[in-house]
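All remarks here apply to the structure that follows.
The values are calculated or read from the model by the stated rules, or taken from the named source; none is laboratory data. Predicted model, so just to flag it, every value in this text is computed and none were measured. Note: ideal-geometry Cβ built from the backbone for every residue, glycine included; neighbour counts use all protein chains shown. SASA here: full protein model, heavy atoms, side chains in, ligands and nucleic acids out. Shrake-Rupley method; radii C 1.70, N 1.55, O 1.52, S 1.80 Å.
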Amino acid sequence: SRADQGLRVFNYSNTTGAFAGVTLSANNGGSTTSEWNLTAVSTSNNYKADLTFQTRTGSSSWAERLRIDSSGRVGIGDSSPSNKLVVKDSGSPTIEINGQGRAASLTLGVTASESKLFEGSNNALAFGTNNTERMRIDSSGDIKLTFPDANTGLRNKIAFTTESPHQDETAYIAA
């Protein structure tokens with residue numbers, strides 16, 4: 001099989017920011033057309049390009065919705081993602097993870113005044129390290145902390161930290 005087989009769309013411009021793309025259109029039977037753009041955008045002169053997905057927002061306007069940059073970073077609402085996955089929104093961005101056919105979901109969101117992590121049903125929310133559960137918030141809101149085995153010689157403790165000028169307090173829990 002040859003690398004040059006198949007559909008190829010070219011833009012031979014020698015400038016950074018040049019693009020080539022494919023537009024997918026669907027006419028609603030009236031005078032308007034719904035459209036998506038899939039474009040490769042040149043980011044340098046050394047073969048690198050970003051892949052963008054855009055939607056039509058008006059008769060002659062488009063909005064970029066998703067970008068995969070040449071390093072593999074994904075931006076949703078962000079045209080220059082700085083991490084593997086960046087989600088930005090002008091309102092309150094939210095990510096929901098939901099198993100198909102399951103009532104449980106995990107929602108991570110940000111508002112102007114707080115960050116949120118929610119378990120979306122009447123199930124427990126568990127936290128862990130080293131592939132071991134360390135804390136659980138059950139469906140009634142009770143918190144269960146799991147400590148290392150008391151026989152290991154480690155002291156079980158919870159540290160309570162207050163702001164200056166107070167000292168940190170440590171409460172030791174009997175095993």
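Computed with every protein chain present, the accessible area of VAL41 is close to 30 Å² [probe 1.4 Å].
Estimate the FRET efficiency between ILE97 and ARG134 by the formula 1/(1 + (r/R0)^6), using the beta-carbon distance for r and 22 Å for R0, to the nearest 0.05. E(calc), rounded to 0.05, equals 0.60. Most tightly packed first, judged by the mean number of other beta-carbon atoms within 10 Å of their residues, the peptides 62-71, 115-124, 77-86 read 62-71, 77-86, 115-124.
Within 10 Å of each candidate Cβ there may be at most 14 other Cβ atoms; applying that plus a DSSP loop requirement, which trypsin sites (Lys or Arg not before Pro) in region 8-64 survive? Listed in order of number, the matching sites are ARG8, LYS48.
Taking θ as phi - 60° and the Karplus parameters 6.51, -1.76 and 1.60, the scalar couplings of region 16-29 work out to 5, x, 5, 9, 9, x, 10, 10, 9, 10, 9, 8, 7, x Hz in sequence order, x denoting glycine and proline.
Scalar couplings 3J(HN,Hα) for region 106-122, obtained by applying the Karplus form with A = 6.51, B = -1.76, C = 1.60 to θ = phi - 60°, are 10, 10, 10, x, 9, 10, 5, 10, 7, 9, 10, 9, 10, 9, x, 9, 8 Hz; x denotes Gly and Pro.
Pairwise inverse Cα distances across region 1-140, averaged and inverted, put the Kirkwood hydrodynamic radius at 19.0 Å.
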